[in-house]
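This report refers to the structure that appears directly beneath it.
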Amino acid sequence: MYNVLIDGFPSAYTVGDKEYKIRSSYKIGVLLSELMADPDIDEDIKMYIAIETLYIDKPEDIITALNGIRWFLSCGKSEIYIQGEDKEEQTDDVIDYTFDQLDIWAAFRVHNITLDDSLHYWQFVSLLPCLVDTPLNQKMQYRGVDLKTLKGDTKKFYSDQKKKYKIKPILTREEYEEQLKELEQQRGSYYMKLRAINN
């Protein structure tokens with residue numbers, strides 16, 4: 001079992017006595033995470049792109065390749081925990097690499113960490129919750145609050161913050177144009193002109 005405290009951050013996925021070299025930059029992890037979350041890409045195409053993206057030395061069989069992708073994206077935890085077992089369903093995401101991209105970049109810069117190709121994906125993931133006293137950290141905390149444990153004004157406050165900082169879906173150009181048409185129908189052309197001036 002891989003342990004970064006002993007073995008350092010991996011540059012290969014090891015199965016038995018075989019090593020499959022990987023591209024380990026944080027950029028690769030972000031790309032793969034975004035790829036896997038994209039509902040518009042067919043699953044077979046996702047797997048093909050993911051294998052081509054992660055591996056320098058591709059495994060001979062698809063199962064090994066996919067296990068390696070799961071291992072990489074879970075920062076090695078897929079070897080420790082059985083996926084899904086005794087795991088509460090997570091309904092709210094606390095971070096999105098596209099939606100929060102500028103906040104992520106700024107949080108790393110505030111802590112004098114440069115986001116370059118040498119930063120391993122596992123380092124990137126492990127540092128994210130440590131970027132305290134940044135807007136990113138605050139947003140992640142608000143998004144992750146369990147409202148079921150709160151009452152009264154406290155619950156209302158955190159409910160408002162969760163709504164304010166909720167991760168919004170990325171719209172296609174067509175979806176955006178459709179939204180604008182609906183807004184114009186609902187509120188009139190004068191509102192749209194004011195909106196254009198203020199934006």
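The values are calculated or read from the model by the stated rules, or taken from the named source; none is laboratory data. Because the structure is a prediction, the values reported are computed rather than measured. Neighbour counts are summed over all protein chains in view; Cβ atoms, including those assigned to glycine, are modelled from backbone coordinates with ideal geometry. In case anyone asks, the SASA skips ligands and DNA or RNA and just uses the protein heavy atoms, side chains included. Shrake-Rupley method; radii C 1.70, N 1.55, O 1.52, S 1.80 Å.
Tabulated data for the structure shown
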quantity	calculated
Residue list for region 14-55, restricted to those being touching a Ser or Thr at 6+ places or on another chain (Cβ under 8 Å) and within 23 Å of Ser126 (Cβ to Cβ)	Tyr20, Lys21, Ile22, Arg23, Ser24, Ser25, Ile28, Leu31, Leu32, Glu34, Leu35
Complete set of residues in region 19-43 that are modelled with pLDDT of 95 or more, outside any helix (DSSP H, G or I), open to solvent by 60 Å² or more (accessible area, probe 1.4 Å) and not acidic (Asp, Glu)	Lys21, Arg23
Of residues in region 44-78 being free of Cβ contacts under 8 Å to residues at least 12 places away in the same chain and among the basic types (Lys, Arg), the one least open to solvent (accessible area, probe 1.4 Å)	Lys46
Boolean, Phe157 is loosely packed, with under 15 Cβ neighbours inside 10 Å and modelled with pLDDT of 95 or more	yes
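Rundown of residues vs (1) surrounded by 12 or more Cβ atoms within 10 Å (Cβ to Cβ); (2) at pLDDT 95 or above; (3) assigned to a loop (DSSP other than H, G, I, E, B); (4) within 18 Å of the chain's Cα centre (by Cα), yes/no style:
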site: Gly84; (1), (2), (3), (4): no, no, yes, no
site: Gln90; (1), (2), (3), (4): no, no, yes, yes
site: Ile95; (1), (2), (3), (4): yes, no, yes, yes
site: Phe99; (1), (2), (3), (4): yes, no, yes, yes
site: Leu115; (1), (2), (3), (4): yes, no, yes, yes
site: Phe124; (1), (2), (3), (4): yes, yes, no, yes
site: Leu127; (1), (2), (3), (4): yes, yes, no, yes
